[in-house]
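Novice: This structure is in structure tokens; I'll ask about it shortly.
Values quoted throughout were computed directly from the atomic coordinates according to the rules given, and no laboratory measurement underlies them. Predicted model, so just to flag it, every value in this text is computed and none were measured. Positions of Cβ are backbone-derived with ideal geometry, glycine not excepted, and every protein chain shown enters the neighbour counts.
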Amino acid sequence: MNSTTMTNSTINMATRFPNSLIRASAGTGKTYQLSNRYLQLILSGHPADRILAVTFTRKAAGEILERILFRLAAGAVDERSAEQLAQQLDLPQLTLQECRRVLRQLTRSFHRLRVNTLDAFFLKAAQSLSLELGLPPNWQIVDDVSRYQLQQQAVASLLEQQESGNILKIMHWLSKGETSRSVSRLINETVDGMYSIFLDSPPEAWHRLKPHPTLLAEEVEAHRLGLQEWIENGAGSDRLKSEVKKLADMMEAGDWEEFVESTISRSIFTGKLTYYSKPLPESLLYNLRPLAYEMQAQLNNQYVKQLLGSFELLACYDAQVQALKTELRSFEFHDLPRSLGRLEKSARWQQLSYRLDSAIESLLLDEFQDTSMDQWLAVRPFARHATANVAERTFFCVGDVKQAIYGWRGGNADLLDGIVDELPDVTDMQLDTSYRSSQPVIDVVNRVNRGLGQYPNLAAADVAVRHWVENFPEHTTARNDLAGYVQIETVEPSDDTDHGRELTIAKAVERVEELRAVAPHLSIALLFRKNAQVGRAIYLLQQRGIPASEEGGSSLCDSAAVQLIESLLTLADYPADTAARFHLAQSPWSTALRLESHRSDTAAQRLARDTRELLLDRG
């Protein structure tokens, strides 16, 4: 087993660095703190290949590695810079010669450094323990297209193997009795929305919600007639009667959810029994109260059926898709941490050190708020190993629940709070001083987040809002030298349709144009919730002559050059494709490709042959 040891360090390798959890708000120096710990370790003689630093994106991993190398290189320039680095790292014995020696060793063993994304680490680990994990030989990770095809195959197999009566029962439960959607579409929607939840939860969780007793049909009808009588002849204000009439219509339409969420129903459930601060008449409550609880029971029982139907469907789907994955030797990234997590209770995970060519003694976790339970279970054995009371080991974790953005893929910010309880001797620290933002920006951040409880449109999330406000720390800034200005504008509310979103994007582009007219030297950032909106904004900006670049996961296929490459590959596969021929013949590449007319079969066949030969020759 090889090891990239920083030999002959003038700093004692027995130096014990504390196990740390740092809750770092945006701009407070998170990457700086993580690079500090990494540099402290390697400058103290810890082998670089026994330190694992993981984050979520390749870009973030690159930034961490860049920060480590640049800071070490800066310390190797002269005595003054070495002293400055020594002060930053709290390593008073650090010398210029030590910085240069470690930098030289680090660059020579660059290929053994472990600054990775979680996905990359899990992939490497799974490849090293394929047999122990029960993975077939020559398995691979599928792309999005193959993943979709795999899902469709599993759905088709499910429909073939399940009895029609059982499928119809499950579909009835899932669709609330409606028949407007196709069976395959409903199954795909359930898989897309709930399969990851199914994998993360035990079977008993799906059976925890129990049915509520309901009234007899005769009792419901009697109370309904009594309610109608009160609406027509009972003692009450016109406003109250109008609201009760709406409830009666909801009940008639079977709109139980709207009924249960109404102001009057909530007043009954909480025991307030008021409407606009006035007591509800007892003559009204005699019929409305049992009806409200009946609607609540019906809604609960509908949820019970949906949960049971979802569980049965997902269990059947899981059996089919797992069998297909093994048969086709094709897996998804999320399969890897789940498989690795199952090794913790056995001694097999310890074999990973041998398979990876060196043990992992120190673990540095970045952006921990976006870690899923499966990912944590896969990493936890290494975290427990790193927090053992041994000088050569250390654990370092940074995260911020306010920046959790991967809930859609299973990210669980609550795990951050459990670190201190689950691992021994972990120091919990908070960083809330920004080195990026001006005082006006920080003031608005504090004001908005501390005042969320005053907005009535957030009433439905009252518990979550209160928890957020109570736990939101006061932010400060070290950049009092920066001028700043904050203005919050809103656009007219629009519906959540393509047209509504288009209006919002157009308004943002108009605002950019106005700002550029006043201050053309400014660099302006536009932030969107979805990548698809970025491309549209770029197009509108370019239409107005405003130069703009995009950062984020936009499709490569939006590039004109990439579209030409696609046409060239299409032509190589099928020379008779006239659309690809026309695209290439009308492009700036036509002369270089010797395809100046899309009508020439000879030229198209020659280009297809040349392209295939080039691919065979160069790969």
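Novice: I'd like the FRET efficiency for Ile488 and Gln430, computed as 1/(1 + (r/R0)^6) with the beta carbon distance as r and R0 of 30 Å, rounded to 0.05.
Specialist: 0.65
Novice: How much of the calculated P(r) for segment 41-166 lies past 25 Å, in percent of all Cα pairs?
Specialist: The share of Cα pairs beyond 25 Å in segment 41-166 comes to 50 percent.
Novice: If you wrap a convex hull around the alpha carbons of segment 403-507, what volume per residue comes out, as a whole number of Å³?
Specialist: Per residue, the Cα convex hull of segment 403-507 comes to 173 Å³.
Novice: Calculate the length of the line joining the C-alpha centroid of segment 564-595 to that of segment 104-159, in whole Å.
Specialist: Each part's Cα centre sits 35 Å from the other's.
Novice: For segment 506-519, in order, what is each residue's ³J(HN,Hα) by Karplus, 6.51 cos²θ - 1.76 cosθ + 1.60 with θ = phi - 60°, in whole Hz (x at glycine and Pro)?
Specialist: Each residue of segment 506-519 in turn: 4, 5, 5, 5, 4, 5, 4, 4, 5, 5, 5, 5, 7, 9 Hz.
Novice: For each of Ser262, Ser277, Ser267, count neighbouring Cβ atoms within 10 Å of the residue's Cβ, then give the residues from fewest to most.
Specialist: Ser277, Ser267, Ser262
Novice: Any idea how far the Cα center of segment 273-340 sits from the one of segment 208-232, in Å?
Specialist: Each part's Cα centre sits 23 Å from the other's.
Novice: Averaging sequence separations of C-alpha pairs under 8 Å and six or more residues apart, then dividing by the length of the chain, give the relative contact order as a whole percent.
Specialist: Relative contact order here is 17 percent.
Novice: Which links in Lys59/Lys530; Lys246/Lys278; Lys30/Lys124; Lys245/Lys305 stretch past 22 Å when you go from one Cα to the other?
Specialist: Lys30/Lys124; Lys245/Lys305
Novice: Under a Cβ-only charge scheme (Lys and Arg +1, Asp and Glu -1), can you give me the dipole magnitude of the chain about the Cα centre, in debye to the nearest 20?
Specialist: Computed about the Cα centre, the dipole is about 1800 debye.
Novice: To the nearest 10 degrees, how steep is helix 79-89 against the longest Cα principal axis of the chain, on a 0 to 90 scale?
Specialist: For helix 79-89, the angle is close to 30 degrees.
Novice: Using all C-alpha to C-alpha distances in segment 498-554, build P(r) with 10 Å bins and read off the rounded percent in each one.
Specialist: 22, 59, 18, 1
Novice: What is the spread of the Cα atoms of segment 559-618 along each of their three principal axes, largest first, in whole Å?
Specialist: Ordered largest first, segment 559-618 gives principal extents of 28, 27, 19 Å.
Novice: Please report the projected area of the chain's Cα convex hull averaged over all directions, in nm².
Specialist: Here the figure is 39.3 nm², rounded to one decimal.
Novice: Then there's this: Does anyone have the angle between helix 439-450 and the longest principal axis of the chain? Alpha-carbon axes, 0 to 90°, nearest 10?
Specialist: 40 degrees
Novice: Right, next: In what sequence do Met250, Met295 fall when counting other Cβ within 10 Å, fewest first?
Specialist: Final ranking by Cβ density, sparse to dense: Met250, Met295.
Novice: Can you tally the net charge around Asp577? Count Lys and Arg as +1, Asp and Glu as -1, for every other residue whose Cβ sits under 13 Å from the Cβ of Asp577.
Specialist: Taking every other residue near Asp577 into account, the sum is -2.
Novice: Binning at 5 angstrom from zero up to the longest distance, how are the C-alpha pair distances of segment 140-328 distributed in percent?
Specialist: With 5 Å bins starting at 0, P(r) equals 1, 7, 13, 15, 13, 10, 9, 8, 8, 6, 4, 3, 1, 0, 0.
Novice: Pairs of alpha-carbon atoms within less than 8 angstrom and 6+ residues apart define the contacts here; what relative contact order does segment 186-333 have, in percent?
Specialist: For segment 186-333, the relative contact order is 37 percent.
Novice: Going by how many other Cβ atoms sit within 10 Å of their own, how do Thr371, Thr433 line up, fewest first?
Specialist: Thr433, Thr371
Novice: Can you figure out the FRET efficiency of Gln543 with Leu522, using R₀ = 22 Å and their beta-carbon distance, to the nearest 0.05?
Specialist: 0.65
Novice: Expressed as a whole number of Å, what is the distance separating the alpha-carbon centroids of segment 468-521 and segment 358-390?
Specialist: One Cα centre to the other: 38 Å.
Novice: Give the Cα extents of segment 461-605 along the principal axes, in whole Å, largest first.
Specialist: Taking max minus min along each principal axis of the Cα atoms, segment 461-605 gives 72, 40, 33 Å.
Novice: Through the Karplus equation 6.51 cos²θ - 1.76 cosθ + 1.60, θ set to phi - 60°, convert the phi angles of segment 289-299 into ³J(HN,Hα) values in whole Hz; use x for Gly and Pro.
Specialist: 4, x, 5, 5, 5, 5, 5, 5, 5, 4, 5
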